[in-house]
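Q: First the structure, which I've put down as structure tokens, then a few questions once you've had a look.
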Amino acid sequence: MHAAALYLYCVVSATDAMPTLSSPALDGGAVHAVRHRGLAALAHVCPPEPYQGSEEEVRGWVAAHNAVVEEAWQSAESVLPMSFDVIVTGDADRSAEANLTCWLAEHYAALSGRLQSLEGRAEVGVQVLWDIENLNVSGVIEAQAPVIPPRGRAYFARQQLQRHFKEELERKSAADCRRYIESLRALADDVQVNKPRPVKGRQMVLNLSLLAARAAISRLGEYLEGVSQEPGVEVRFTGPWPPYSFAGAFGIVENNGREVRWPTGQSEVNGRQGAHGADSKERRREGDAPRAGRDVGPQS
């Protein structure tokens, strides 16, 4: 059994003039390319065990992973990012590098095609939140009136009013989200609907990942600026970053209908979604790690 393994960052198109990355590997060493024809997988040599440590250590590793992927993306214009902690191991017959090369060869057409389709495109995040007190909803003022003591008809009338208000919110959420998604689909190449997350003092009604041409991001920002002007509505527009949500194995299918899987020997830390997981989306500012989730606001 070959002891050494390879930690994977991403797959890019291989060219004779591929730049040397300045971003260090997770362990501080160098990232190198494993090539097959027109593809290159960026990796570093590592032990075969998953990366496990404290929350602070994991955040540092995720930031380092993201820095490598974003630098590769900026240089190559197209990238297939791996999630955090994907490791290819060797076996009794082949080294980790040989296994990785075989994987690149086996899925060469699908990976090359996906890289081509993602060229010049980026991922952005869109979240729509409500400030319930300021929403333009029928019955909102009555439903937020002081609570009437639970006595007789007044109590039941209050319960009915609250049910009516909840139903109005649900109708408004369904109608507004349908309207937003239809408009955003016209401006983006692909839309992924994610589960809303809890936000203190707000209600998240829509959580999207969009794949868009970089030239279209300003138009997305203009549309979202209009949405943010609606009463009681807040919009969070984040990115751009490499297309983590749109480059995984689940999105690549061979001509024969078989789904591409990441290399044999991958290992992912249990309970953590990796570089695209929600727990790795920390707030960021310009120049920080690409999946740390900076708010860029609607762009003009």
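Q: Pull out all pairs, ordered by first then second residue, where Cβ-Cβ is under 9 Å, the residues are six or more apart or on different chains, the first lies in region 38-58 and is free of Cβ contacts under 8 Å to residues at least 12 places away in the same chain, and the second is surrounded by 13 or more Cβ atoms within 10 Å (Cβ to Cβ) and of a type outside the set (D, E, K, R).
A: Going by the 9 Å Cβ cut-off, the qualifying pairs are 53/60; 53/61; 57/51.
Q: A further question follows. I'd like to verify a number: residues in region 222-248 that are in a helix (DSSP H, G or I) and more than 18 Å from the chain's Cα centre (by Cα), how many?
A: Of the residues in region 222-248, the ones in a helix (DSSP H, G or I) are 222-228, 244-246.
If we keep only those that are more than 18 Å from the chain's Cα centre (by Cα) as well, we get 222-228.
Of the residues in that region, 7 qualify.
Q: Are there any pairs with C-beta distances below 8 angstrom linking a residue in region 165-193 that is surrounded by fewer than 16 Cβ atoms within 10 Å (Cβ to Cβ) to a residue that is of a type in the set (Gly, Ala, Ser) and part of a helix (DSSP H, G or I), with the two at least 6 apart or on different chains, and if so which?
A: Partner pairs satisfying both residue conditions: 192/245.
Q: Of the numbered conditions (1) outside any helix (DSSP H, G or I); (2) charged (D, E, K, R); (3) surrounded by fewer than 21 Cβ atoms within 10 Å (Cβ to Cβ), residue 97 fails exactly one; give the number of that condition.
A: The number of the failed condition is (1).
Q: Among the residues in region 56-73, are any of a type in the set (Phe, Trp, Tyr), farther than 30 Å from residue 120 by Cβ and crowded, with 18+ Cβ neighbours inside 10 Å?
A: no
Q: Within the bounds of region 42-55, is there any residue that is under 21 Å from the mean Cα position of the chain (by Cα) and part of a helix (DSSP H, G or I)?
A: Yes, that holds for at least one residue.
Q: So, residue 197, is that one assigned to a loop (DSSP other than H, G, I, E, B), loosely packed, with under 14 Cβ neighbours inside 10 Å and modelled with pLDDT of 85 or more or not?
A: Details: assigned to a loop (DSSP other than H, G, I, E, B): yes; loosely packed, with under 14 Cβ neighbours inside 10 Å: yes; modelled with pLDDT of 85 or more: yes.
Considered against the rule, which asks whether it is assigned to a loop (DSSP other than H, G, I, E, B), loosely packed, with under 14 Cβ neighbours inside 10 Å and modelled with pLDDT of 85 or more, residue 197 comes out as yes.
Q: Evaluate region 123-132: report whether one residue or more is surrounded by 15 or more Cβ atoms within 10 Å (Cβ to Cβ), touching a Gly at 6+ places or on another chain (Cβ under 9 Å), in the same structural domain as residue 211 (by TED's automatic domain parsing) and assigned to a helix (DSSP H, G or I).
A: Among the residues of region 123-132, at least one is surrounded by 15 or more Cβ atoms within 10 Å (Cβ to Cβ), touching a Gly at 6+ places or on another chain (Cβ under 9 Å), in the same structural domain as residue 211 (by TED's automatic domain parsing) and assigned to a helix (DSSP H, G or I), which makes the answer yes.
The values are calculated or read from the model by the stated rules, or taken from the named source; none is laboratory data. This structure is a prediction, so every number in the text was calculated from the model and none was measured. Quick reminder, even Gly has a Cβ in these numbers, built from the backbone with ideal geometry, and neighbours come from all protein chains shown.
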